[in-house]
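One structure is given below, encoded as structure tokens.
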Amino acid sequence: MNKNKCVIYAPLETYSGYGSRSRDIIKAIIELKKEEWDIKIISCRWGNCPWGFIEDHEEKWGFLKPYILKTPLNYQPDYMFWITIPPEAQIVGKWNCLITAGIETTVCDPSWIEGINRMNLTLVSSEHAKKVFQDSKFEKRDQRTNQLIGTIQLEKPVEVLFEGADLDLYKVIEPKEIQTIDLDSIKESFCYLFVGHWMQGHLGEDRKNVGLLVKAFYETFKNKKNKPALILKSSGAGSSYMDRNQILDKINQIKETVNSKDLPNVYLLHGDLIDEEINELYNHSKVKAMISLTKGEGYGRPLLEFSLIKKPIIASKWSGHLDFLNEEFVSLVPGELKQVHPSAVVQNIILAESQWFSPDTGHVGHYLKDVFENYKDYKEKANRQSFYAKTNFSWDKMKEKVGELFGKHIPEFPKQVQLKLPQLKKIELPKLKKVEPENVETK
């Protein structure tokens, strides 16, 4: 039987958040549609992120290799999926869908709305991202005369497709199952954990807000007799020695701004860890809670994965992770929206005129101290958050949502049917005798 043709453009083979999202989505599409669709993948790069994830995880993800196109696309697919940022999405298929994490601020670039409007459907990771796209409107002016000629605003449907956690991977494990993560060099038995990149921006202005977190941690526990530690699982542009030293320099610069010689310890865990090692880190007995003072998330996947380990979470009260972090079960830090600092602006992505979250430092200090001093009170809530996340935000639940959205939005195209003509019988014709022409005399 001939099948409808489906092509998926995605950073499938990269070590990146979009790589993880791509593999999850593609696996769901294959399981739902492999009997109906001829599925192919265009595997692309994602910035400077490392390549080779599929090869390094052959046992689990090797089944995707036969789907990867080795030659340029030379036909128009019925269905084209783009797992990327909106400006990259183009009209290639008869029906086109963008799958994107979305935006971390209050306004997106006009090119993002234009990209979404080229699609028949866009799937975003969170209600936050959907609202930003719905609310972003721009005047469109003639480049020569500057005359107003229209408005750039959302015209095509946008739906939320959350990022589901792998419950077989992120789960509570016994101490004896922790084989590779060694925290013996950390003397403290109580550690807060942060996971994320330390991006561009002055102190308190980088998107993940790592600088402010380090500052707040030092200020909260300085001169205290009994102190916890803070573990930063972080990097900047990569996993090189130079990058590590730059992160350490940033920590030391913040340390020098604190008026005390008696400060808690901040440890840097730098470099790449595989998923199983990350789960071991989450489960380690010295890791007691996760904290993120992020200024904005399209989703916030590490927070979801950590919540499955039944440990407390402190996080900013804004943006994508509020979809899966239940306010009754975690500690959400209040604050206010402030304009993005010039040092954090990224062309066409994080706009100077947009806003994002600034957490209240007084509440940060309160939660840091209270979780440390009254840990048992928060542990029961963490158990409930784990059940909530496991029940509602698993990969299987995400797959169900994919099927639901496909049924709602995807049109049926007629399949190409091979024309079968009746076979004609061979007819034997009689052989004709050759006749010699008679000579004709002419006058």
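The values are calculated or read from the model by the stated rules, or taken from the named source; none is laboratory data. Computed from a prediction, not measured in an experiment: that's the story for all the values here. Note that we place each Cβ from the backbone using ideal geometry, even for glycine, and neighbour counts take in every protein chain shown.
General remarks:
- Which numbered condition Gly201 fails, given (1) closer than 13 Å to Lys286 by Cα; (2) of a type in the set (Gly, Ala, Ser); (3) surrounded by 22 or more Cβ atoms within 10 Å (Cβ to Cβ): (1)
- Filter pass, Ser316 being touching a His at 6+ places or on another chain (Cβ under 7 Å) and modelled with pLDDT of 95 or more: no
- Every residue from region 394-409 that is in contact (Cβ under 8 Å) with a residue 60 or more places away in the chain, assigned to a helix (DSSP H, G or I) and not basic (Lys, Arg): Trp395, Asp396, Met398, Val402, Gly403, Leu405, Phe406, His409
- Checked against the criterion of being within 21 Å of Pro110 (Cβ to Cβ) and not polar (S, T, N, Q), the candidates Glu163, Glu139, Glu205, Glu177 yield just one match: Glu139.
- Residue in region 239-261 that is surrounded by fewer than 20 Cβ atoms within 10 Å (Cβ to Cβ), of a type in the set (D, E, K, R), in contact (Cβ under 8 Å) with a residue 40 or more places away in the chain and outside any helix (DSSP H, G or I) present: no
- Residue that is surrounded by the most Cβ atoms within 10 Å (Cβ to Cβ) [pool: residues in region 376-395 that are within 17 Å of Tyr192 (Cβ to Cβ) and among the basic types (Lys, Arg)]: Lys381
- When Leu183 is tested against (1) in contact with a His (Cβ under 7 Å, 6 or more places away or on another chain); (2) within 19 Å of Lys250 (Cβ to Cβ), just one condition goes unmet, and that condition is (2).
- Within region 102-132, the set of residues being buried (at least 22 other Cβ atoms within 10 Å of the Cβ) and of a type in the set (Gly, Ala, Ser) comprises Gly102, Gly115, Ser125, Ser126, Ala129.
- Cβ separations smaller than 6 Å between residues 6+ apart or across chains give the following pairs from region 270-297 residues that are within 22 Å of Lys369 (Cβ to Cβ) to residues that are aliphatic (A, V, I, L, M) and in a helix (DSSP H, G or I): Ala289/Val371; Leu293/Leu212; Leu293/Leu213.
- When Gly271, Gly236, Gly300, Gly296 are checked against the criterion of being at pLDDT below 95 and crowded, with 17+ Cβ neighbours inside 10 Å, a single residue qualifies: Gly236.
- Hits in region 85-101 - residues which are within 17 Å of His128 (Cβ to Cβ) and either surrounded by fewer than 17 Cβ atoms within 10 Å (Cβ to Cβ) or small (Gly, Ala, Ser) (or both): Ala101
Residue-by-condition table, conditions (1) assigned to a strand (DSSP E or B); (2) farther than 21 Å from Pro411 by Cβ; (3) in contact with an Asp or Glu (Cβ under 8 Å, 6 or more places away or on another chain):
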| residue | (1), (2), (3) |
| --- | --- |
| Leu123 | yes, no, yes |
| His128 | no, yes, yes |
| Val132 | no, yes, no |
| Asn146 | no, yes, no |
| Ile149 | yes, yes, yes |
| Glu159 | yes, no, no |
| Phe162 | no, yes, yes |
| Asp168 | no, yes, no |
